[in-house]
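Student: Take a look at the following structure, please.
The values are calculated or read from the model by the stated rules, or taken from the named source; none is laboratory data. Small disclaimer: the values here were computed from a predicted structure and weren't measured. Here Cβ is always computed from backbone atoms with ideal geometry, including for glycine, and neighbour counts include all displayed protein chains.
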Amino acid sequence: MTDFPVTALRSVELGTPDLAASVDFYTRVWGLDVVAEAGGKVFLAATGEDFHVLELKQSDRAELRKVTFRVRSADDLTALFASTVAAGCAVLREVGPADAPSGGERFVIREPQGSVLEFVFGDQRREGRVVANRPYRLAHVNINSAGIEALSDFYRQTLGFRLTDRSKLMAFLCCNADHHAVVLAEAPTNGLNHVAFLMPDLESVMRGSGRVVDQGYPIGWGVGRHGPGDNVFAYFVDPQGVVAEYTAEVLQVDKDYRFRGPDEWVWPPGRTDHWGIAPPKSEACKKAQISIGFSGA
Ligand SMILES: [Fe+2]
């Protein structure tokens, strides 16, 4: 599994009606650091190599403003731009210098179901370090879709992702050795389901979750171990109603990974995780997972 033009999910941009409250949550509570402020946005880093993993911007409502992927080469950037235009995406920024402090070349499009996607090559990296109990990088973004098969086709045919698994309600798509970088969830309307941050290990998911709970944010779902991807999870609802996940131990896959479909991804009655210990998801978490739209949509 080596021929992916997109090499990583790098960052997401969230709009928030209370920028100060969101910055406070994602630093003091969640474990990120502010690394830059520019163009009305606050850029937050995890402890890994990415310059930043989260951009926050004041907005009328909580919303997903953008998902940013890193691309393998300048040629791939040009080719992806052409293929997204051919697939009917609206061009928001042509290929050119990025305006984020991390730099590089980028283009920005809106795919047909409304999410804004940015593709970057040559962005600034830094020396990452593993810090216990703090996010290292993004793990995946989960996108609600009222037309999941069409969006799955777009990610595979236009962006070069591969479908690793398909459960009854979700499509899991990879662009590197992680079992999934993008998950598509069947939903009544398009939008953001949640953003997952990779923790260094299971212990960090547990201790990080304890820190978040101590600050007054209960676990919305978990702790448990997912089916597809086999990753450990704990879901929370941030102060503006965005669902954020701590995860770890994401299954690493290669070209020999065997795809399994909905008939094989079936839980025994009453179970929603491999361990069988995750309590039912909270109503607040369920609601939040279908409440965040795309900016401009
Ligand atoms: Fe997730």
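Student: Out of Thr189, Thr247, report the one residue that is polar (S, T, N, Q), touching a helix residue (DSSP H, G or I) at 6+ places or on another chain (Cβ under 9 Å) and not assigned by TED's automatic domain parsing to the domain that holds Gln58.
Tutor: None of the other options fit; the residue is Thr247.
Student: Taking Phe161 and the conditions (1) out of contact with any Cys (no Cβ under 6 Å at 6 or more places or on another chain); (2) at pLDDT 95 or above, which numbered condition does it fall short on, given that it satisfies the others?
Tutor: (1)
Student: In addition: Scan segment 55-65 for residues that are buried (at least 22 other Cβ atoms within 10 Å of the Cβ) and in contact (Cβ under 8 Å) with a residue 60 or more places away in the chain and jot them down.
Tutor: Once the filter is applied, which keeps residues that are buried (at least 22 other Cβ atoms within 10 Å of the Cβ) and in contact (Cβ under 8 Å) with a residue 60 or more places away in the chain, segment 55-65 yields Glu63, Leu64.
Student: Continuing with the same structure: Answer yes or no as to whether Val266 is among the hydrophobic types (A, V, I, L, M, F, W, C), over 19 Å from the mean Cα position of the chain (by Cα), in a loop (DSSP other than H, G, I, E, B) and assigned by TED's automatic domain parsing to the domain that holds His180. Lay out the reasoning, then the answer.
Tutor: Numbers: among the hydrophobic types (A, V, I, L, M, F, W, C): yes; over 19 Å from the mean Cα position of the chain (by Cα): yes; in a loop (DSSP other than H, G, I, E, B): yes; assigned by TED's automatic domain parsing to the domain that holds His180: yes.
It is true that Val266 is among the hydrophobic types (A, V, I, L, M, F, W, C), over 19 Å from the mean Cα position of the chain (by Cα), in a loop (DSSP other than H, G, I, E, B) and assigned by TED's automatic domain parsing to the domain that holds His180.
Student: While we're looking at this one, here's another question. Considering each residue of segment 233-243, count those that are out of contact with any His (no Cβ under 7 Å at 6 or more places or on another chain) and either small (Gly, Ala, Ser) or under 17 Å from Met170 (Cα atoms) (or both), and give that number.
Tutor: Filtering segment 233-243 for residues out of contact with any His (no Cβ under 7 Å at 6 or more places or on another chain) gives 234, 236-242.
Now restrict to residues that are either small (Gly, Ala, Ser) or under 17 Å from Met170 (Cα atoms) (or both): 234, 241.
Residues meeting the conditions: 2.
Student: Report whether or not Phe294 is closer than 30 Å to Ile109 by Cβ and surrounded by fewer than 19 Cβ atoms within 10 Å (Cβ to Cβ).
Tutor: So Phe294 does not fit the description; no.
Student: Restricting the search to segment 54-99, which residues are under 14 Å from Val120 (Cα atoms), aliphatic (A, V, I, L, M) and part of a loop (DSSP other than H, G, I, E, B)?
Tutor: Correct list: Ala98 only.
Student: Contact list please: Cβ distance under 6 Å, first residue in segment 245-273 and of a type in the set (Lys, Arg), second residue in a loop (DSSP other than H, G, I, E, B), pairs at least six apart or on different chains.
Tutor: Here the result reads Lys255/Met1, each pair linking segment 245-273 to a residue that is in a loop (DSSP other than H, G, I, E, B).
Student: Restricting to segment 149-167, count the residues that are farther than 12 Å from Val6 by Cβ and either within 16 Å of the ligand (Cβ to nearest atom) or among the hydrophobic types (A, V, I, L, M, F, W, C) (or both). Give the derivation first.
Tutor: At the first step, the residues of segment 149-167 found to be farther than 12 Å from Val6 by Cβ are 149-154, 157, 163-167.
Those still in the list that are either within 16 Å of the ligand (Cβ to nearest atom) or among the hydrophobic types (A, V, I, L, M, F, W, C) (or both) too: 150-151, 154, 163-167.
Counting residues in segment 149-167 that are farther than 12 Å from Val6 by Cβ and either within 16 Å of the ligand (Cβ to nearest atom) or among the hydrophobic types (A, V, I, L, M, F, W, C) (or both) gives 8.
One line per residue, one yes/no per condition, for (1) over 30 Å from Asp263 (Cβ atoms); (2) not polar (S, T, N, Q):
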position	(1), (2)
Gly128	yes, yes
Gln157	no, no
Arg166	no, yes
Met170	no, yes
Cys174	no, yes
Val183	no, yes
Ala196	no, yes
Met199	yes, yes
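Student: Next question, about the same structure. Return the residues of segment 139-185 that are aromatic (Phe, Trp, Tyr) and surrounded by fewer than 18 Cβ atoms within 10 Å (Cβ to Cβ); say none if nothing qualifies.
Tutor: If we filter segment 139-185 for residues that are aromatic (Phe, Trp, Tyr), which is where we start, we get 154-155, 161, 172.
None; the set is empty.
Student: I would also like to ask the following. On the basis of being away from the ligand (no atom under 14 Å from the Cβ), free of Cβ contacts under 8 Å to residues at least 60 places away in the same chain and of a type outside the set (Ser, Thr, Tyr), does Ala146 make the cut?
Tutor: Criteria met by Ala146.
Student: Among the β-branched types (Val, Ile, Thr), more than 30 Å from Arg61 (Cβ to Cβ) and within 16 Å of the ligand (Cβ to nearest atom): which single residue out of Val237, Val242, Val232 fits that description? Before the answer, list the steps.
Tutor: Values: Val237 fails: more than 30 Å from Arg61 (Cβ to Cβ); Val242 fails: more than 30 Å from Arg61 (Cβ to Cβ).
It is Val232.
Student: Among the candidates Pro97, Pro101, Pro17, Pro5, which residue alone is exposed (fewer than 15 other Cβ atoms within 10 Å of the Cβ), modelled with pLDDT of 95 or more and not acidic (Asp, Glu)?
Tutor: That would be Pro97, the only listed residue that is exposed (fewer than 15 other Cβ atoms within 10 Å of the Cβ), modelled with pLDDT of 95 or more and not acidic (Asp, Glu).
Student: Are any residues in segment 211-244 of a type in the set (Gly, Ala, Ser), in contact (Cβ under 8 Å) with a residue 12 or more places away in the chain, in contact with a helix residue (DSSP H, G or I) (Cβ under 9 Å, 6 or more places away or on another chain) and assigned to a loop (DSSP other than H, G, I, E, B), and if so, which ones?
Tutor: Gly220, Gly241
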